[in-house]
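The values are calculated or read from the model by the stated rules, or taken from the named source; none is laboratory data. Just so it is clear, the structure is predicted and the values come from calculations on it, not from any experiment. Note that we place each Cβ from the backbone using ideal geometry, even for glycine, and neighbour counts take in every protein chain shown. When the accessible area is computed, the model is the full protein with side chains, heavy atoms only, and any ligands, DNA or RNA have been set aside. Shrake-Rupley method; radii C 1.70, N 1.55, O 1.52, S 1.80 Å.
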Amino acid sequence: MVNKETIKTWAEDGVGVIQLNRPKVLNALNRRMVTEILLTLEEWDKDDSVAVIVVTGNYKVFAAGADIDEMAGDDSISLELLNQFAEWDRIAWVKKPIIAAINGYCLGGAFELALSCDLIVAAEDAQFGFPEINLGVMPGAGGTVRLTKLMGRAKALEWLWTGEYMSAKTALENGVVNRTVARELVFEETMKLARKIAKQAPLSLRMIKESVNKSVDHSTYEAMQFERKNFYMLFSSEDQKEGMNAFIEKRKPNFKGK
Ligand code: CAA
């Protein structure tokens with residue numbers, strides 16, 4: 001694991017927390033931060049003591065986007081050689097649930113990071129947006145794709161073309177975030193949700209995430225075949241026996257992720 005210069009991390013009650021930590025620049029995501037986030041996600045994905053991962057800002061702001069100072073001197077060839085977004089792709093390969101807790105600004109690359117997570121809990125006064133157009137560029141880490149899938153073509157185009165900020169209320173109404181809560185409760189409510197999910201059968205969580213993800217990018221038929229295989233696969237697990245026996249014996253199940 002690399003030294004953590006741009007994030008803070010800790011784990012409690014089966015929940016691993018990644019806190020973005022570049023407060024002087026409103027948590028602008030530089031390349032180091034993206035690497036640190038990704039390596040932590042991948043490390044926890046393999047760690048049995050962590051069941052769910054929360055990504056949060058510093059309670060005032062989630063993040064104001066990718067680090068503009070770092071990108072300003074780039075050209076197409078340097079970006080191609082850096083393969084800048086390859087690490088972002090790997091976020092989508094993490095098997096465990098990831099929940100974003102959003103306070104304040106969630107812009108550009110930060111919005112793309114939030115949309116790469118599985119669930120989003122937002123402060124009532126959080127602000128989302130893709131202001132890249134004001135910089136003469138556009139989102140490059142999945143923003144146009146994921147926003148369009150969530151909101152539909154016309155609405156996504158309007159937000160992406162105007163670069164205006166979207167309120168948490170609008171984000172909620174359009175299925176972009178899961179729930180909105182009072183600003184001071186965002187982290188607490190996200191942790192409550194994370195702890196609840198962390199108690200569920202680990203293999204079921206994993207197979208459900210895989211199956212739901214499949215449904216986003218594949219035909220209904222293909223996704224249903226995939227879902228079925230995962231359903232059958234879970235019947236080879238000890239947790240399926242434990243879960244069903246516990247129901248029959250009228251007791252709480254003790255899941256082991258096996
Ligand atoms: N990159 C680098 N530094 C940033 C930054 C960013 N994205 N956002 C803010 N900062 C820095 C500011 O330069 C400033 O630093 P100094 O104190 O040294 O001047 C500090 O953070 C505080 O910011 P402001 O003084 O601007 O704070 P504010 O409250 O007045 O405004 C804001 C807040 C409206 C979010 C404004 O900071 C802003 O517009 N930031 C840029 C937002 C943006 O364009 N994000 C998209 C980036 S491009 C991208 O993300 C590409 C991609 O798809 C990967």
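Here is how the numbers come out for the structure above:
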quantity	calculated
Residues of the chain: accessible area per residue with a 1.4 Å probe, Å²	55
Rough spin-label spacing in nm, given labels placed 7 Å along Cα→Cβ, for Leu150 and Ser215	1.8
DSSP-loop trypsin sites (Lys or Arg not before Pro) across region 1-67, with at most 13 other Cβ within 10 angstrom	Lys46, Lys60
Dipole in debye (nearest 20) - region 148-219, about Cα centre, beta carbon charges: Lys, Arg +1; Asp, Glu -1	340
At R0 = 45 Å, FRET efficiency that the Cβ-Cβ distance of Glu80 and Asp13 yields, to 0.05	0.60
Net charge dipole size for region 202-248 [Lys, Arg +1 and Asp, Glu -1 on Cβ; Debye, nearest 20]	40
DSSP bridge pairs, the chain: antiparallel proportion in percent, nearest 5	30
By accessible area with a 1.4 Å probe, ligands and nucleic acids excluded, highest first: order of Arg251, Arg183	Arg183, Arg251
For Ser76, solvent-accessible area (1.4 Å; no DNA, RNA or ligand), Å²	90
Euclidean distance between Cα centres, region 46-62 to region 184-241, Å	18
Among Val137, Ser167, Leu205 - extreme Cα towards positive end, dipole of the chain, charges at beta-carbon	Leu205
Heavy-atom accessible surface of the chain: percent carbon and sulfur, 1.4 Å	55
Between region 139-167 and region 65-122, the Cα center-to-center distance that results, in Å	15
Cross-link table Lys60/Lys169; Lys46/Lys250; Lys155/Lys229, entries beyond 24 Å C-alpha to C-alpha	Lys46/Lys250; Lys155/Lys229
Theoretical gain in end-to-end length, Tyr232 to Glu5 [0.36 nm per residue, Cα-Cα removed]	77.4 nm
³J(HN,Hα) computed for each position of region 119-132 - Karplus, 6.51 cos²θ - 1.76 cosθ + 1.60, integer Hz, glycine/proline x	10, 10, 10, 10, 5, 4, 9, 5, 10, 10, x, 10, x, 3
